[in-house]
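A short write-up of the structure that comes next.
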Amino acid sequence: MNFKELSKKYGTPLYVYDFEHFENQYNELKKAFKARKSIISYAIKANSNLSVVKKFASLGSGADCVSIGEVKRALLAGIDKYKIIFSGVGKRDDEIQEALEKDILMINVESEAELKRVDEIAKNLGKVARISIRVNPNIDPKTHPYISTGLSENKFGVDIETAKKMYIYAKKSQNLNPVGIHFHIGSQLTELEPIREASAIVADLVRSLKAINIDIKFFDVGGGLGIKYKDEETIKPYDYAQAILSTLSGLDVTIVCEPGRFLVGNGGWFLTKVLYEKVNGDKRFVIVDGAMNDLIRPSLYNAYHKIEVLSSKENPKVSKANIVGPVCESGDFFAKEIEVPETNPGDLVVIHSAGAYGFTMASNYNTRPRPAEVAVEDNKDRLIRRRETFEDLIACEIDYMV
Ligand SMILES: *Cc1c(COP(=O)(O)O)cnc(C)c1O
């Protein structure tokens, strides 16, 4: 990947994606589940650029969506509608209606109240809604608390007993068809045991549903497979699949898996350029043209991203520095107290592991246009999202003309 050339050609700040990495990750995971029928449903929220989604569509991927907007992206990019799942704790009526009209694989229901809404809306439309229920297995995933979702203290899903009641309700309804079961215990998972435990708990529920003639076809294990940002021990896809499969004996189910970060995280880089250096007291700051509005993970989760500073100085001295952006917040940083060579203005800074939850979490804070995005595939690069302009940023504001 020639970052210098790409930054010259497309400017900075810039996101660059390696589509071959995406493909390799997809194939590795798909292969890990080969003992069973499986659908890999890419979690679009990780990186929802239409070209990225189209790439996954071309590989046969499904899509895990958390808004009707994401469902529309999935369809527009060519994902098979029978591989699209609509999850999320708070779906509006119009979103549920549109999902039913678009005839996607299933709506993943997260509360009793929502189940009743889906039932009613399906009835009004004269349709049968295929649903899954998100079970919260109350397992500590041992990840960052902001990205943990499988404990009863988290807002996601329902407990086992409630889920069972909901399946019985759904089975009785003319307008609901309970085809799936779902759990997703957190993100950036690096330990196998919580996954195996959660899977075992949910598999037991599937068995007890089977005993009362409720036949679950799709066993959706969520996403969350972690990646290496620094020196984490990560889970191998094969071991991950084995852990899940080991809990499913006697069950004839299609596995659905919804990875986001695993597929795209390490296939993306954020490129930014040095504007200046300055020293305040004894603190050295390297100020770059990218900021927290472009890549918020360090500010939001104190997340680590590997950073390479391509200094153009001859034999630069190295010392500790904070790498910060121009946004008016003290939280606007990419790294603190890391070893950084002396730089010249214009030197390139490469931030690694930026393919997931990078651009999709970007904002226009400080009226900053969001970065461009570039795909690299077969040794060729192409623009897949142009840089925003000032005009793009004000396009929705309609009441200021004098
Ligand atoms: C966010 C999310 C995913 C993807 O999570 P990753 O950690 O990126 O794999 C999958 N399923 C659901 C329901 C999610 O909310």
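Checked against (1) modelled with pLDDT of 95 or more; (2) open to solvent by 60 Å² or more (accessible area, probe 1.4 Å), D294 passes all but condition (2).
The set of residues from the range 246-281 being crowded, with 24+ Cβ neighbours inside 10 Å and either farther than 17 Å from M1 by Cβ or of a type in the set (G, A, S) (or both) comprises V256, C257, E258, P259, G260, R261, F262, L263, G265, G267, G268.
Conditions tested, residue by residue: (1) within 17 Å of the chain's Cα centre (by Cα); (2) more than 14 Å from the ligand (Cβ to nearest atom); (3) closer than 27 Å to R386 by Cα; (4) open to solvent by 20 Å² or more (accessible area, probe 1.4 Å).
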residue	(1), (2), (3), (4)
Y10	no, yes, yes, yes
F19	yes, yes, yes, no
I44	yes, no, yes, no
F56	yes, no, yes, no
S87	yes, no, no, no
E120	no, yes, no, yes
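Determine whether A63 is open to solvent by less than 20 Å² (accessible area, probe 1.4 Å) and either in contact with a helix residue (DSSP H, G or I) (Cβ under 9 Å, 6 or more places away or on another chain) or of a type outside the set (A, V, I, L, M) (or both). When the stated conditions are applied, A63 passes them.
The C-beta contact set for the range 156-177 (first residue over 29 Å from P141 (Cα atoms), second residue of a type in the set (V, I, T) and part of a helix (DSSP H, G or I), distance under 7 angstrom, 6+ apart or interchain) comprises L176/V118.
Looking only at the range 122-136, residues that are within 30 Å of E191 (Cα to Cα) and open to solvent by 10 Å² or more (accessible area, probe 1.4 Å) come to 2 in all.
The values are calculated or read from the model by the stated rules, or taken from the named source; none is laboratory data. Keep in mind that what you see is a predicted model, and the values were worked out from it rather than measured. No Cβ is skipped: glycine too gets one built from the backbone with ideal geometry, and neighbour counts run over all protein chains shown. Side chains are part of the model used for accessible areas, which takes the heavy atoms of the whole protein and leaves out ligands, DNA and RNA. Shrake-Rupley method; radii C 1.70, N 1.55, O 1.52, S 1.80 Å.
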